[in-house]
Every structure is written in C-alpha cells, then in structure tokens.
1. Restricting attention to the range 259-313, which residues are among the hydrophobic types (A, V, I, L, M, F, W, C), within 22 Å of the chain's Cα centre (by Cα) and within 30 Å of SER78 (Cβ to Cβ)?
2. Yes or no: the range 593-601 includes at least one residue that is aliphatic (A, V, I, L, M), out of contact with any Leu (no Cβ under 6 Å at 6 or more places or on another chain) and within 22 Å of LYS696 (Cα to Cα).
3. Got a sec? Which of TYR126, TYR151 is surrounded by 14 or more Cβ atoms within 10 Å (Cβ to Cβ) and touching a helix residue (DSSP H, G or I) at 6+ places or on another chain (Cβ under 6 Å)?
4. Give me a count of the residues in the range 428-450 that are within 20 Å of SER659 (Cβ to Cβ), without any contact (Cβ under 8 Å) to a residue 40 or more places away in the chain and surrounded by 14 or more Cβ atoms within 10 Å (Cβ to Cβ).
5. Out of the range 403-427, which residues are out of contact with any strand residue (DSSP E or B) (no Cβ under 6 Å at 6 or more places or on another chain) and in contact (Cβ under 8 Å) with a residue 12 or more places away in the chain?
6. Counting only residues that are within 16 Å of MET478 (Cα to Cα) and either assigned to a strand (DSSP E or B) or in contact with a Leu (Cβ under 7 Å, 6 or more places away or on another chain) (or both), how many does the range 438-447 have?
7. Give the range 405-428 a look and list any residue that's within 35 Å of the chain's Cα centre (by Cα) and assigned to a helix (DSSP H, G or I), or say none.
Amino acid sequence: MAQPNRSSSMSDTAVGLPDASPRTTWTSRVRWAISILVAALLVLLAGQRSERTEHAYQVDALKRAIEVHALGLRGEASKYAYLPFTAAQHPDIVATLRDPGNAVLRERGNRYLEEVNRRAGSDALYVLDAVGMTVVASNWNQPQSFVGQNYAKRPYFIDSSQGRSGQFYGVGITTGEPGLFLSVPVREGGAIVGVVAVKVNLRQIMATWADALDPVMLADAKGIFFLGSVASWMYQPSRPLSQHDLAWLERHKVYGPFNAFVPVPWAVEQVPGQAGYLLKTRIDGEDRRLLAVDEALPQLGWTLTVTSDYGRVLAARDRTWMVGGLAASLLLLGALYWQLRERRYAEQRDARQQLEVRVTERTQQLSDAHAFRKAMEESLLVGMRARDLEGRIIYVNPALCAMTAYRADELMGKLPPYAYWHPQDTEKHKRESDAALSGAAPATGFESRIRHRDGHDVITMVYTAPLIDGTGQHKGWMSSVVDISDRKEAELRETISRAEAGHAQRLALLGEMASTMAHELSQPLTAMSNNANAAEESARRGNQGLLLDSLKRIKAQVQRTADIVRGIKDMARLRTPGMQACAMNEVVVNVLALLKPEIRMYRARVTTRLQEDLPLVTGDTVLLGQVLLNLIVNSLQAFAADSTTPREITIHTTSDGSSVRVIVEDNGPGVAPAVEAHMFEAFFTTKADGLGLGLKNCRTIVESHQGRLTFEHRAGCGAVFILQLKANA
C-alpha cells in the first residue's frame, strides 16, 4: 500500500482543511480566504458607519452648544440697549447739546450720566455732538475721560449721525480696552443734534469661554476673531482680507494697535456628506484636529465658531473595529473548530485497510489542531475559564489571568469561592455560580464585578455554555469573560456630560429670562427717576399742577414695577468644586448652620445623630449640600401653619462599611399616596408657587454620584428621605 504524502497532510491541517484532492483543497482555501475578506470588509464598513454616526452626534452637540452661547451673547448685547435711548430723551442732555458752552448744563449732564451708568453697571455712557466731539460723559472726572475726545470716525457714530441705531465692537481709542459700543441719535425738532453711546465689556463671556476644553471663537462681519478662548487667535481673520477691508479697518481704528491681520494658522478640510468641517491647527505647542461648526448671528452681525476634539469620532470608529474584529475572530474560530470536529468523525468512517496509517496521521493532525486551537484561544483578549460539573476550575487562558492578576496555577483546581470574587458581592457570585453549574445561566450573559489582585474593581460580562467532550458527553461548563470596565466608565461619563449640557442649557435660558426682566425693570425705574427730577423742579418753581402730574406718573410706574417683580423667581448659578473626598457629617453641620434663620422662623427643632468615624464618600460637597438643604427646607415647609404639635426634624448618619446613609426624618403631615407616585417627576409640585424641580434635581444629582435617593413613610405620621452613597474603600 502506498504511503500518503505526509507534508501535504500537515499543510492541510495547518489551515484547518480536511484531506482531499488538490482541487478540493484549493477550493476550500479560496472559501476561507473569501470568508476572511468578507468579515474584514464588514468590520471596516461597521467602523466607517460608527465614525459617521459619532460625527453626526458631535455636530448635534456643537449645535446645542452654539444655542447656549448665542443666548448668552444676545443677552449681553441687549442688556444695555435701553441706556442710550433713555439718556437721549432726557431734557438735560438735549439742552446740553443745544448749548454745549453752558457750564451748568454740562455739570448736570455729566452727573446724570455718571449716576445712570453707575446703576446700570456699564463701562461708560457719553454724549457726542453733531461733529463727533464728546460733550458730556459718565467718566468726566476720571483720568481717561471721554470728554473732549472726537469719535467722528467710529462706525457707531457714523450710523447714528445718519439716523440709525449703531452697534460696533472694537478697541477703545482712549482707553485701549475692547468693548461693545451701542448708540442712538438725539433728535430735536426732527433734526439730529447729537449721539448718545454706551460702552459695554464682554469679560463675563470671555471668562466662561476660557474654561472650555475646546476652542470657542467669535468673529465680526469681516471674519476677524475678536472674542474667544484661544488668545493667540485674537484679532486674526479666518480668511485673507481684501485691500478694501484693510483700508476700512485702518481708517476706523477698529482694533487699535492690532493691524497685522494675518489669517489664523489652520487648515480646513470638508467631510463629504457630513455637517461641519475639520480644522488642523496647533494650540499651545500641541497639534490638534478639531470638528468645527459655524453659526451666523444676523442680529449682531457676528459669526460664532464652536469646536470639539475629533479624536472622539476616531475613538468610536476604533472601538467598533476592535469589537467587530473580536467577534469575527470568534466566529471564524468556531467555524474552524466545527470543521475539525466534522473531519474527525469522517476519518473514523474510513476503510479498515487504511486504519494503521490513518491512526498515525490522525495523531499528528489532532496534535497540530490542538496546538493551533490552544494558540488561538490564548491569543484572545476575552478571558476563558472551564469548570467541571462540581465547579472546579480545569482551564484558564492568559487573558483571564491578566484580567485578575492571578497565575493559572493559583486558579486551577479551585472550587468556589474563587480568589478574584469581589468580597462585597460574595452572595451574588454564589448565586450566579450555582445558576451556571445547574444550566440556568442566561444565554445573553450577565454582568459581574470581580476584584483585581491589586484591589481595583473590574466590571465583566460572563457568557456560559456547556463543555462537551469528544464522545458527546457533558463534562462541565466553559465561560467567556469580557472586560467591559472601559465601556461602563464611558457610559457614566456620557450620562454626566449630557446632564451637565442639559443643565448648562437650562441656566442659559434662565439667564436670558433674567436679562429680559432686568430690561423690563430698567424702563419704569428710569421713568420714575425722570419724573422725580421733574417733580423736584416743579416743587422748586411752585408749579403744583405739574408736581401732582409727575407724582401720578411715578405712582403708575411703581405699580408697573411691582407687577414685574411679582413674576420673577430667584435663580442661583451653579458653581461647584467638583468631585472629591468629602465627609457627610461636615456637610450636615454646614447645611444646618446655613439654615439657622429658617429653622428659627418655622419654630422647629432639629436633632442630629451623627455616627463617629463615618467613612468618606467621593462627591461634590456643594451639590450634596444642595440636596440635603432641599430636603430639610421641604420638611420645614411641610409643617402646617397652625399645628400645635412640636415641629421636629431628625438627621442621622450611618454606615455599614460599603455605603453611607444620611436620613432626614420629620413629624409633619407626610406625603399622600397620589403625590408619592409623582414626587420625583419634573415640574410636579403641590406648592402654589413651586416649579416642581427640587426633588427631581435632587435625585438627578444623587444618581450622578452613583447613589440613591428614596422615600419612606414615617411610623405614625411624617416623611423619611434616605440619601445613600458608596463609601470610599
């Protein structure tokens, strides 16, 4: 009998192919090659799709950020728009422009502008005559006074001298400080006799943008960045300027000594089929690749540019490639293993006359296949663990050893509990192990927290399947353990980021409302001031009729102011130190010290039982204090006004080692069942003047700290709120 070609047989085994004719072998190899190419193509396409999806998400996030920034800019621009208009109506200002040489009129005009500017909080308020010379100004008695300065070439004066409202951002000729200039014409008898202008700084917006992780820039109508978070880009255009634009800038001294106007050092790259564009630049010595979105602000004549790091988009693509490659590898490994298994059964059906030769060949083939399979299993990033029917570990791969930092010889032969089980989840681990050994493990896997040898936590997903030997007998269980710690951390960061973005947007909307209200109040207040001046003048002249008429107008403006004030809610700006180790006992003591006046006003008694040596927690002390303050104030407000029962609130802290609990308990009327079902929902309130955001915001803050805020009924009557946070290890 002829001996088979040994080298050909081993070559077929190395690629996982059965013994066959050269044509069959070649066809099988082609199929494997096509399968690998198709899998690689699918993984590539999935990564590109993930990149496009993340790109669209980042663009959407930038558009939401633009809305927030635009609201702030419009609020600052309109905040002082009423000042020039109000001053232009004042009789002293008109009289001063009519007779600028009158020292008495100039003195009254200067002091009027000084008082109005002081109350409004703007940089400067000043009046120019018909040729652009400053006649009176709020800074008349300061070293850099505008009085006597000629601003006829400034664009805002040119606009208002032609009958239009002026708006212009530039560097001051006198002070050298940048600011926003707003102006209106002063009319008398239909003729324009002068211009009133106000200068406003935008330092608050600059301070906010300075804290941004990625560049935020604001450009004027010619594309010159005059406000933003990157100092090196200030007063540089986003594109080359024409000679006409350069001449206009030089003629009007828009940006003072800054006249180079070299375009910003960046390269723009469009992304086909996607919104936004890419910027390649260098900031603070570091190469950056940014995703940028522009938004025109027609009311202001500016363009806002907001950016984010494009690395987030590339990271999403790379994660998809990694996960897809791992999945494709597992599928190919499974197909290869199945093919080897089928080949073994086929070989057992071979003719008896070839048995001796085939036994020798098969021994070598199985040895090679085992080595190949073992090499592939040990090269996986997924941890593999095999156990017998009693739960004894009979195999672990290097990935699982790296995941737990225990050697294979330290794990092999061990029964539960295993060394890497988390001490705080021992009971949970036991239940999951019993379920897996009984064949009741979920097919979709389960999440499990294990403890690395150095003490840090590793979050995993565990998938379990029966372990069948070569004879088809059930010998144990094979589990794959996937480390998902990075994914869980990324999900938490994304949740917190979205909450902060939503919070920032709500603050911006509230700021816009406050700005509008301030504008509404300023008009009746200014009118009252003017009428008071008129009443004073009438009293001095003895004109009783005019005096009574002025007082009636003042009374009407007072009523109007009261109506506006009744519609304004207190708003607080969130400023917190961030996440840090903090002691809840100190938070309780600080909040109670802050609430002493309210506690005395409600005639309540607060008792504390604070556990000594209470473990620290990781959190934001300001936010956690706000949660505790809100719970105590709710308890105070819950007491009936005519209650004869002593009003008592008890606050005590406790810990079981793994968590810290702060309990706020009162003997008030408690919470009705119908209210309890909705008490943590947004905009649900039982108070006539409430917004329904208190308990909703409290729960959101606590959940962002990975804690829980729950409610219970107090025995007898009253309410109990329990704040539970994870204790530091």
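1. ALA275, ALA292, VAL293, LEU304, VAL306
2. First, pick out the residues of the range 593-601 that are aliphatic (A, V, I, L, M): 593-595, 599, 601.
In the following step, the residues that additionally are out of contact with any Leu (no Cβ under 6 Å at 6 or more places or on another chain) were identified as 593-595, 599, 601.
With within 22 Å of LYS696 (Cα to Cα) added as a condition, the list becomes 595.
Scanning the range 593-601 turns up at least one residue that is aliphatic (A, V, I, L, M), out of contact with any Leu (no Cβ under 6 Å at 6 or more places or on another chain) and within 22 Å of LYS696 (Cα to Cα).
3. TYR151
4. Residues flagged as within 20 Å of SER659 (Cβ to Cβ), without any contact (Cβ under 8 Å) to a residue 40 or more places away in the chain and surrounded by 14 or more Cβ atoms within 10 Å (Cβ to Cβ) within the range 428-450 amount to 4.
5. THR404, ALA405, TYR406, GLY413, LEU415, PRO416, PRO417, TYR418, ALA419, TRP421, PRO423, GLN424
6. 1
7. PRO423, GLN424, ASP425, LYS428
For (1) farther than 25 Å from ASP211 by Cβ; (2) not acidic (Asp, Glu), each residue gets a yes or a no:
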position: ALA275; (1), (2): yes, yes
position: LEU290; (1), (2): no, yes
position: ASP294; (1), (2): no, no
position: LEU300; (1), (2): no, yes
position: ASP318; (1), (2): yes, no
position: LEU336; (1), (2): yes, yes
position: GLN339; (1), (2): yes, yes
position: TYR345; (1), (2): yes, yes
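The values are calculated or read from the model by the stated rules, or taken from the named source; none is laboratory data. Since the model is a prediction, treat every value here as computed from it, not as a measurement. Neighbour counts are summed over all protein chains in view; Cβ atoms, including those assigned to glycine, are modelled from backbone coordinates with ideal geometry.
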